[in-house]
Each structure stands twice: as structure tokens, then as C-alpha cells.
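**Q** Structure below; questions to follow.
The values are calculated or read from the model by the stated rules, or taken from the named source; none is laboratory data. Please read all numbers here as calculations on a predicted model, not as lab measurements. No Cβ is skipped: glycine too gets one built from the backbone with ideal geometry, and neighbour counts run over all protein chains shown. Side chains are part of the model used for accessible areas, which takes the heavy atoms of the whole protein and leaves out ligands, DNA and RNA. Shrake-Rupley method; radii C 1.70, N 1.55, O 1.52, S 1.80 Å.
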Amino acid sequence: VSTGRILAIETSCDETAVAVVERGRRIRADVVASQVALHAQTGGIVPEVAARAHLRWMVPVLDEACRRAGAEGLAGIEAIAVTEGPGLAGSLLVGITMARTLAWVHDLPLVPVNHHEGHLYAAWLLDPDEPERPEPPLPAIGLVVSGGHTFLVLIRDHLDYVRLGGTVDDAAGEAFDKVGRLLGLPYPGGPAIASAALQAARRDRRFPRAWQGDTDDFSFSGLKTAARRAVADELGVAAAHGEIDGSTLPSDVVAELAWAFQDSVTEVLATKTVRAAQRHGARSIVLGGGVAANQALRERIAGGAAALGVPLVVPRPGLCTDNAAMIGAAGWRRYMAGVRAGADLDARPSLRLAA
Ligand code: KG4
Ligand code: ZN
């Protein structure tokens, strides 16, 4: 009998994660060991440090996921899904090696999953006690906004994607992180900027918007430069030289700058997403990636989606950031479609979602 249960492993970046998901939707266990505190010490991810941390946490996280799923070992698991890319090679290899070993020892099918596809399928997930709700209707427009990637995709059907556009320079999350550092806020910058922006009394500063013409592409490097110049102005120093450190700025100024930066990023992301939905006759909009946890972004896109009359599905914040449940959701679709990897599955650090 089919249990529909997939054990999923995700180690592409800085979270060691294992989940058990039933029929691509219902979460039975979802365990994430975050390395955020570790990487906060260096203000960013050092790949070698991340890979070592995955090695340290892989087995305890796997044990905990099996315990929470109530699984006796791997009894009742139908397949093993694992992120094959994109991501850091050393980090990916830890999860892939574990998945290959489990599949071999327990004689289970091994299903390779694209990390981005996982972020999109997070919109299909249901928490253990969450009431049933309809799946996002297709075709859908997906916006994936994370620390490493920013792109818009048309999901024509399950596992059938058309990439519409993406960032030509920095990812949205990367811009949040860099501007956060510039403002002297703690790592990661995204949540820190979001909460600083909430404190802004004055909301009349305006940073540039990079519309990239009428395309579905994004650019955030000009905005980063504008933020750097604004911080330098506030400090009374020249922007061109050396390290700019806004940690001595008054908190009301930091809040205003954080708000203005967030306003620019979210306006561009929301406008392009809603416009793409309209252009392609999408029947829903789904968001994924760490930046999708941003409340201002969610509200902006929700407004546009409501005007179009299409549902917006945004996973709860813990399912927007990297996790293995989303790999289990995408893995189920691939498993049903017959996608399998051999025992020679290798990391694909620059894997793309679609041509
Ligand atoms: O998806 P994710 O966990 O990891 C990657 O695959 O990159 O995304 C992490 C990114 C970081 O850049 C972080 O600053 C950003 O997501 N982020 C946010 C928020 N929460 C996390 N950005 C804006 N607002 C937030 N609330
Ligand atoms: Zn991610």
C-alpha cells in the first residue's frame, strides 16, 4: 500500500533540514537546524564553515524528523527526496550523500529536486493540524525571492516552468543583507530592516526604482549605491571611499532609510509580479524564498492580486525560508512523474529551474 510519505533532505545553503511530507502536501515532520547564529559571527556565509555545520547536524536532524513523524526508522517512507542544486557544492554534498545512503540501505527510490522548485511548492504545503484547502490553481505566477536568487516564473502546469525574468545583479535578499549591514543592523538584514522600517515616523524619503524597462527583470545594485550615498550623507563623509558604517546613526534615521529601501524593493517586486499575472492570465500567485516573509511585500502583492481577482498563496514565514518540507512537496510531484536519480547523484551547484 502507498503511504505517500516522502522523506526529504535539504542542505543547499545554511539550514540543515529534514522533513516527512505526505502526498506532497501534509507535513508530518519538519525539522530545521539553522546556522544563522553561526554565520552572524562573520556577517555572512563562509562555505567551508556551512558544510562542516551540515556534517555536524545531519544525523541529529534526521533522527528528530523520524521521531516526530512517528516513523520507526524509515518504515512507511516511500521515497527519499533531496536537493541536488542550486547551492553551495560542499553543503549540497552532505545532504546528497545522506540521501543516497538511505535510499541504498533501505532500497527506496531517490528523487532529485531543484531547490527553487521547492520554494514554489512550499505554497502547496499544509501544517499537521491545518484544515484542508484547495491547491493553488494553475497556471500560476511564482516569485522566488531569497538571499541567493530573485526571479519570476510562469508555472504552466506541474513541473512545467517558463522563466520570465530575474535579477541582473544582486538578489533581493542579498540587497536587504548588504543594506542592513550598511545601516549597522544585525545579520540577516531582511528581518532587521523590516522591523526597523516599522519604526519609521517619516515615510517621505524616496530611493530609486530600477524598472528595467518593461521586462520581468530586476536590478538592485543601483538601489544599494543610493542607500550607501544616503548613509554617507547622514554621516557627513564621502561615499566613494572605504567602509561606510551607519551603526552610529540615530535610530530614527536608520528607520527612515530602512523604510525607504524596503519601499523601493517591494514596489518593484510587487508591481512586476502582479503585471506578469495579468499578462499571462494566471489563476494564482505563489511566493517563496526568505524575502517572501516580508510583510510589506506580502501586503503589496495581496492588494494587486485582489484587484485581479486571483488568490495569493504565501507560505508561513518558516516555510518561506529554507526547509525540507518544500523539497518533500516538490519531490512528490517528481516522484509521481517518475523522476529518479541513481546512486551516482551528484551536486549541481548552478542548476537552473527552466531554460
Ligand atoms: O530562502 P532563504 O532562507 O535562503 C536562501 O536560499 O537564500 O532566504 C534568506 C534571505 C536573507 O537574505 C534574509 O535577509 C531574507 O531572506 N529575509 C527577509 C525577511 N526574512 C528573511 N527579507 C526581507 N524581509 C524579511 N522579513
Ligand atoms: Zn532558498
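**Q** Mean shadow of region 1-151, computed from the convex hull of its alpha carbons, in nm²? Please report the intermediate quantities before stating the final value.
**A** Details: hull surface 38.9 nm².
Computing the convex hull of the Cα atoms and averaging its projections yields 9.7 nm².
**Q** Using the Kirkwood formula on the Cα atoms of region 127-170, what hydrodynamic radius do you get, in angstrom to one decimal?
**A** On the way: mean 1/r = 0.0812 Å⁻¹.
After inverting the mean inverse Cα-Cα distance, the result is 12.3 Å.
**Q** Across the Cα atoms of the chain, what radius of gyration and what greatest pairwise Cα-Cα distance (Dmax) are found, in Å?
**A** Over the chain's Cα set, Rg and Dmax evaluate to 20.5, 70 Å.
**Q** So if R0 is 56 Å, what FRET efficiency would A75 and S247 give, r being the distance between their Cβ atoms, rounded to the nearest 0.05? Numbers along the way, then the final one.
**A** Values: r = 53 Å, r/R0 = 0.94.
Computed FRET efficiency for A75 and S247: 0.60.
**Q** While we're here: Which whole-number percent is the relative contact order of the chain (Cα, under 8 Å, 6+ apart)? Don't jump to the answer; show the numbers that get you there.
**A** On the way: 799 pairs, mean separation 89.9, N = 355.
Dividing the mean separation by the residue count of the chain yields 25 percent.
**Q** Would you mind calculating the gained length between D346 and R202 on full extension (0.36 nm times residue separation, minus the Cα-Cα distance), in nm to one decimal?
**A** Details: separation 144, 0.36 × 144 = 51.84 nm, distance 5.12 nm.
Once the chain is fully extended between D346 and R202, it gains 46.7 nm.
**Q** Projected area of region 82-223, taken from the Cα convex hull and averaged over every viewing direction, in nm²?
**A** Mean orientational projected area (region 82-223, Cα hull): 12.7 nm².
**Q** Can you send over the solvent-accessible area of R203, 1.4 Å probe, protein chains only, in Å² to the nearest 10?
**A** 120 Å²
**Q** Above 21 Å lies some portion of the pair distances; for region 72-157, what is it as a whole percent of all C-alpha pairs?
**A** Tail of P(r) above 21 Å: 48 percent of Cα pairs.
**Q** Would you work out what percent of the accessible area of region 174-305, with all protein chains in place, is carbon or sulfur (probe 1.4 Å)?
**A** Summing carbon and sulfur atoms, their accessible area is 50 percent of the total for region 174-305.
**Q** Which Rg and Dmax, in Å, describe the Cα atoms of region 112-191?
**A** That works out to 15.5, 44 Å for Rg and Dmax.
**Q** How many angstrom lie between the Cα centre of region 32-75 and the Cα centre of region 219-261?
**A** When both Cα centres are located, 35 Å separates them.
**Q** Ok, one more. Is region 204-271 rounded, prolate or oblate when judged by the Cα gyration tensor, a ≥ b ≥ c being the square roots of its eigenvalues, rounded requiring a/c under 1.5 and prolate requiring a/b larger than b/c?
**A** Values: a/c = 3.15, a/b = 1.72, b/c = 1.83.
Oblate.
**Q** From the alpha carbon gyration tensor of region 152-191, can you work out the equivalent ellipsoid semi-axes (sqrt of 5 times each eigenvalue) and give them in Å, largest to smallest? Don't skip to the end; give the middle numbers.
**A** On the way: eigenvalues 195, 23, 5 Å².
Largest first, region 152-191 gives 31, 11, 5 Å.
**Q** Principal axes first, then extents: for the Cα atoms of region 1-63, list largest minus smallest coordinate on each axis, whole Å, largest first.
**A** 48, 19, 14
**Q** Then there's this: Taking 0.36 nm per residue of separation and subtracting the Cα-Cα distance, what length does fully extending A307 through W104 add?
**A** Numbers: separation 203, 0.36 × 203 = 73.08 nm, distance 5.05 nm.
So the chain would gain 68.0 nm between A307 and W104.
**Q** Can you send over the solvent-accessible area of C13, 1.4 Å probe, protein chains only, in Å² to the nearest 10?
**A** About 40 Å², ignoring ligands and nucleic acids.
**Q** Any chance you could get the radius of gyration and Dmax over the Cα atoms of region 206-355, in Å?
**A** 19.8, 61
**Q** A further question follows. Give the ranking of K224, K178, K272 by solvent-accessible surface, highest area first, calculated with a 1.4 Å probe. Mind dumping the intermediate values first?
**A** Numbers: K224 50, K178 80, K272 0 Å².
From most exposed to least exposed: K178, K224, K272.
**Q** Taking 0.36 nm per residue of separation and subtracting the Cα-Cα distance, what length does fully extending D157 through T42 add? Provide the component values of the computation, followed by the final result.
**A** Numbers: separation 115, 0.36 × 115 = 41.40 nm, distance 4.13 nm.
Fully extending the segment from D157 to T42 adds 37.3 nm.
**Q** Ordering R163, R283, R298 by how much accessible area each has at a 1.4 Å probe, largest first, what is the list?
**A** On the way: R163 85, R283 130, R298 45 Å².
So, going from the largest accessible area down, we get R283, R163, R298.
**Q** Follow-up question, since we're still on this one. All other residues with a Cβ under 14 Å from the Cβ of E299 taken together, and with Lys, Arg as +1 and Asp, Glu as -1, what is their net charge?
**A** On the way: positive: R298, R300; negative: D263, E267.
Residues near E299 contribute 0 overall.
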